[in-house]
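First comes the structure, then the notes that go with it.
The values are calculated or read from the model by the stated rules, or taken from the named source; none is laboratory data. Nothing here was measured: the structure is a model prediction, and the numbers come from that model. Every residue, glycine among them, receives a Cβ derived from its backbone with ideal geometry; neighbour counts consider all protein chains shown. We work out accessible area using only protein heavy atoms, side chains counted, and drop any ligands, DNA or RNA first. Shrake-Rupley method; radii C 1.70, N 1.55, O 1.52, S 1.80 Å.
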Amino acid sequence: MRRRALLAEALGSLLLFATVIGSGVMAERLADGNVAIALLGNTLATGAILFVLITMFGPVSGAHLNPAVTLVMRLRGHLTTRIAFGYVAAQLAGGILGVWLAHAMFDVPIFELSIKMRGGAGQLIAEAVATFGLLLTILGTTQVRPAAVPAAVALYITAAYWFTSSTSFANPAITVARSMSDTFAGIAPACVPAFVAAQIVGALAAHTVADTFFAHHTAEAE
């Protein structure tokens, strides 16, 4: 089961990251300079693949596909430290392969680094908010309506692409991977540490406050 779970995290991250990068390239090429249309195409593809991947791989690994999710699940005792590290390694390895696969599909140089600068207080606040909302969505929906988790996460990320100034990376692994793509969805490597720090802050905040809202529901259900 553990091996299957690690493979699911790797393959799921590969498909997710390939979708984020590939749809960004496709959208930018077809949008003829209209950034809003390009972002919309990128958004819809990402939301759609999240629904599919969480539905498909949720029963196998939990479909974390995100070190911030794995961190919170470890803090909540849902998996061991060893498995958590394995998940994060699988997410990073699979995700980077997904970026390279997207590059290959669109005839982009396989190995490159982004020069797209993303930073400033507003974007860091946005990443903390985006990650906080994502984790709260997962923790709350899991307690209240577990079958709705795939749709809830997909819809949250679809919304967060548009209401956050950072376009909601909300995932340390995809932040690292996107630094290896000088495309529409890229981020310069120098911007990665601050983004990841903000994401971890948001994830820990969601972990801290989630039981305030949802522990009572669990108790009542029991």
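For a quick check of your reading of the model, give me the residue pairs whose first member lies in the range 71-85 and is free of Cβ contacts under 8 Å to residues at least 12 places away in the same chain, whose second is in a helix (DSSP H, G or I) and exposed (fewer than 13 other Cβ atoms within 10 Å of the Cβ), with beta-carbon atoms closer than 8 Å and at least 6 apart or on different chains.
Within 8 Å, the pairs are Arg74/Thr81.
When Gly33 is evaluated against the numbered criteria (1) within 12 Å of Arg178 (Cβ to Cβ); (2) not in a helix (DSSP H, G or I), which criterion, by number, is the only one it fails?
Every condition holds for Gly33 apart from (1).
Taking the range 131-183, which residues are open to solvent by 20 Å² or more (accessible area, probe 1.4 Å) and in contact with an Asp or Glu (Cβ under 6 Å, 6 or more places away or on another chain)?
Asp182
State yes or no: is Thr158 part of a helix (DSSP H, G or I), without any contact (Cβ under 8 Å) to a residue 40 or more places away in the chain and of a type in the set (S, T, N, Q)?
The answer is no for Thr158.
Would you be able to tell me the number of residues in the range 95-113 that are open to solvent by less than 50 Å² (accessible area, probe 1.4 Å) and part of a helix (DSSP H, G or I)?
6
Output the number of residues of the range 34-64 satisfying the condition of being more than 18 Å from Thr167 (Cα to Cα) and either surrounded by fewer than 17 Cβ atoms within 10 Å (Cβ to Cβ) or of a type outside the set (S, T, N, Q) (or both).
13
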